[in-house]
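Data first, discussion second: the structure below is written as structure tokens.
Where a number appears in this text, it was derived from the coordinates with a stated rule and is not lab data. Every value quoted in this text rests on a predicted model; they were computed, and no experiment measured them. Glycine also receives a Cβ, built like all others from the backbone with ideal geometry; neighbour counts cover every protein chain displayed.
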Amino acid sequence: MHPFDAPQPPKLAVLLGYAGLLPFVSGALGIWVIPEGWRVVVLAALLDYAAVILAFMGAIHWGLAMRAQETSEAARIQLGLSVVPPLLGWLAISSGMPVSLALPLCLLAFGGLYAADLRAVKLGLAPQWYPSLRRPLTIIVCLSLLVAWVSVLLR
């Protein structure tokens, strides 16, 4: 069986994927337990990390687009979609947008990325195991951003 067709992701990808959740989870939970004066710092760090990961995930989709024929419609759409997540992350952290808007923007961006992940698998650009890796990671990222957003709305 070709590794691209494997039903389960490689163990290293799983390990690194879950390690990448640490800043999301610790940031989201930290907001609730740290002294009030540090909340702004933790929220900024969480948003910065979300923007970095949105750029990282966009780069993955850029790479997936390179797997397709350059002239194919699928490749052009995938390439176009690949620049949206980093632009949304950049907008969330650099525009002066209130955190109460930046967090849901990132939340929506990660949801959209998961839809793009599923599309990439359907088109044969991403491995069959990709959704089984991305689904739990996306759920935890989105829950973390939601927990952080709720903390902002309630305080």
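Projected label points at S95 and M66, each 7 Å from Cα along the beta carbon direction, are separated by 2.9 nanometres. Karplus-derived 3J(HN,Hα) values for the stretch 135-148, using 6.51 cos²θ - 1.76 cosθ + 1.60 with θ = phi - 60°, are 4, x, 5, 5, 4, 5, 4, 5, 5, 4, 5, 5, 4, 5 Hz; glycine and proline are entered as x. Among L22, A59, L101, whose Cα sits farthest toward the positive end of the charge dipole of the chain (+1 at Cβ of Lys/Arg, -1 at Cβ of Asp/Glu, about the Cα centre)? Checked the options; the winner is L22. Placing R0 at 22 angstrom, the Cβ-Cβ distance between L12 and S132 gives a FRET efficiency of 0.90 after rounding to 0.05.
Counting charges near V121 (Lys, Arg +1; Asp, Glu -1) among other residues having Cβ under 14 Å from its Cβ returns a value of +3.
This model, with +1 at the C-beta of Lys and Arg and -1 at the C-beta of Asp and Glu, gives the stretch 11-154 a dipole about its Cα centre of some 340 debye. Considering only alpha-carbon pairs that sit under 8 angstrom and 6 or more positions apart, the relative contact order computed for the chain is 34 percent.
Karplus-based coupling profile of the stretch 18-27, in residue order and whole Hz: 6, 4, x, 7, 3, x, 5, 5, 5, x, with θ = phi - 60° in 6.51 cos²θ - 1.76 cosθ + 1.60 and x standing for Gly or Pro.
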